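Asker: There's a structure below that I have some questions on.
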Amino acid sequence: MDDEYAKLIRRMNPPRVVIDNDSSEDATIIQVDSVNKHGILLQVVQVLTDLNLVITKAYISSDGGWFMDVFNVTDQAGNKVRDGEIINYIQKTLENDEVLLPSLRGTVGLMPSEEHTSIELSGTDRPGLLSEVCAVLADLHCNVVNAAIWTHNARAAAVVHVVDDVTDCAIEDPKRLATIKKLLHNVLKGNNDLKTAQMTLSPPGFTHRERRLHQIMFADRDYIKVRRAEQGKVEDLKSRPCITVYDCSEKDYTVITMRSRDRPKLLFDIVCTLTDMQYVVFHGVVHTGKMEAYQEFYIRHVDGLPISSEAERERVILCLEAAIERRTSEGLELELCTEDRLGLLSDITRIFRENSLCVKRAEISTEGGKAKDIFYVTDVTGNPVDQKTVDSIREQVGPNMLHVKWDPFHSAKLPEEGTISYLFGNLFKVRTLQNLKLIGSYT
């Protein structure tokens, strides 16, 4: 009865979206008003993120059963959103109350989707792992049409879409699917995997790859710290996110503040993790500068209670830090652009492995018979790749096909000083440190 009543209320109060290009000089303002429901913030942020829009500011309020959020967005070039098709898409999508996002699923189900077979992988990361996975798929005549691969805290996860090399369609033969699962599971398991490697063929339907990667790595507990033997990691400590968790006892909220290097899709990654951890954001502000992002959220658990234990606070901090770090562009960015063919990914990752490179993250895509693959690589110790190795790899692959896009080791560092927490002076009452009881911090 409660569920039916909630549906009735939503039908009586459909979502309303206002897109304003006049009020701000440098951003398009998107205001969303709707009956509140768990996951609606993620739904809105995911729609904007999937359009490659940059959220420069956000003001979130969902108390009292009503969701009222304002987002300042630009395109990738920092311009206002003026494309009529994109504006119309945002309006129609966010005003459609029936839009559903993929939920957290277990690792069961052996059915391919209609256009491709979606393979989800997780296991212990090691040098050459991606090369071995790609070699198995090539040997089984599975052509990778797109994929996303993340590594974090010695764990690896991937969502890979493959088709049959001959038919260019999803693989449906149960025996062949069983063979794929068995061989990939053996590759993931390796010889020393103390955790159980997972290889799953996803059920039919829409799968949001990045959403699933967050869920897979969260379920794999990648937020648990591991000792690293690599050199060069000490230098990165200054740019790690600064996260605090404390009580707002007057309003019965838990307050989370985050300060980190700004990057694309940062808000999406944070909201994914809070949603998966069953927390609801009641109020919040997001602000980004030239290099830095500041976020503050007032949250409760879905049961209506704030965080109540020190162990829970520490877990929230670790999980949010993992959410920020998973997509961090670690390593040299290489872009491969060439004609797609069976075994292409196997060949390029083999060359990386033979030159002692580790793939930290990868985005694989094909369109119109063309492959456009992006790899973030380091040497096996996590250090920068030397120029001689880069030149050698480009010579083997083809200098016109493989390009160096970005080198983080020669990029500007995150400023050590300068906070932007003053942003909340206009939204919340000014509070001094004496009014707040700091009960959890992590840097």
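Asker: D386 to K189: extension gain in nm, 0.36 nm per residue of separation minus the Cα-Cα distance? Kindly include the intermediate steps, with their values, before the conclusion.
Answerer: On the way: separation 197, 0.36 × 197 = 70.92 nm, distance 3.10 nm.
That works out to 67.8 nm of additional length.
Asker: Taking only protein heavy atoms into account and a 1.4 Å probe, give the accessible area per residue of the range 242-326 in Å².
Answerer: 33 Å²
Asker: Something else about it: Could you tell me which residue out of L51, N36, M68 lies farthest along the dipole of the range 1-95 toward its positive end? Charges go on the beta carbon: Lys and Arg +1, Asp and Glu -1, centred on the Cα centre.
Answerer: N36
Asker: What's the center-to-center distance, using Cα atoms, between the range 118-171 and the range 295-337 in Å?
Answerer: Here the two parts' Cα centres lie 26 Å apart.
Asker: Pop the C-beta distance of V166 and E335 into the FRET formula with R0 = 35 Å and round what comes out to the nearest 0.05.
Answerer: Computed FRET efficiency for V166 and E335: 0.75.
Asker: How far, in nm, would the chain grow between K57 and Q91 when pulled straight, counting 0.36 nm per residue and subtracting the alpha carbon separation?
Answerer: 10.3 nm
Asker: What percentage of the solvent-accessible surface of the range 242-326, computed with a 1.4 Å probe over protein heavy atoms, is contributed by carbon and sulfur atoms?
Answerer: Answer for the range 242-326: carbon and sulfur cover 54 percent of the accessible area.
Asker: Right, next: Between rounded, prolate and oblate, where does the range 1-95 land on the alpha carbon gyration tensor, with a ≥ b ≥ c its root eigenvalues, rounded for a/c under 1.5, else prolate if a/b exceeds b/c?
Answerer: Prolate.
Asker: FRET efficiency for S356 and Q278, Cβ-Cβ distance as r, R0 = 30 Å, nearest 0.05?
Answerer: The value I calculate is 0.10.
Asker: Could you tell me whether the range 259-323 comes out rounded, prolate or oblate from its Cα gyration tensor? Rule is a ≥ b ≥ c as square roots of the eigenvalues, rounded for a/c under 1.5, then prolate if a/b exceeds b/c, otherwise oblate. Let's see the in-between values first.
Answerer: Working: a/c = 2.09, a/b = 1.74, b/c = 1.20.
It comes out prolate by the Cα gyration axes.
Asker: Given +1 on the Cβ of Lys and Arg, -1 on the Cβ of Asp and Glu, and no further charges, what dipole in debye does the range 242-326 carry about its Cα centre, rounded to the nearest 20?
Answerer: 380 debye
Asker: Going by a ≥ b ≥ c, the root eigenvalues of the Cα gyration tensor, does the range 316-408 fall in the rounded group (a/c under 1.5), the prolate group (a/b larger than b/c) or the oblate group? Intermediate results must be reported in sequence, preceding the final value.
Answerer: On the way: a/c = 2.23, a/b = 1.40, b/c = 1.59.
It comes out oblate by the Cα gyration axes.
Asker: Among the listed pairs K360/K388; K189/K265; K360/K405; K181/K372; K225/K290, which are separated by more than 22 Å between their Cα atoms?
Answerer: K189/K265; K181/K372; K225/K290
Asker: Also: With no solvent and one equal point scatterer per Cα, compute the Debye intensity ratio I(q)/I(0) for the range 257-390 at 0.16, 0.20, 0.22 Å⁻¹ and report its log10, rounded to two decimals.
Answerer: Log10 of I(q)/I(0), two decimals: -0.91, -1.11, -1.24.
The values are calculated or read from the model by the stated rules, or taken from the named source; none is laboratory data. As the structure is a prediction and not an experimental result, all values here were calculated from the model. Cβ atoms come from the backbone with ideal geometry, glycine included; neighbour counts cover every protein chain shown. Each accessible area value is taken on the protein alone, full model and side chains, heavy atoms only, with ligands, DNA and RNA left out. Shrake-Rupley method; radii C 1.70, N 1.55, O 1.52, S 1.80 Å.
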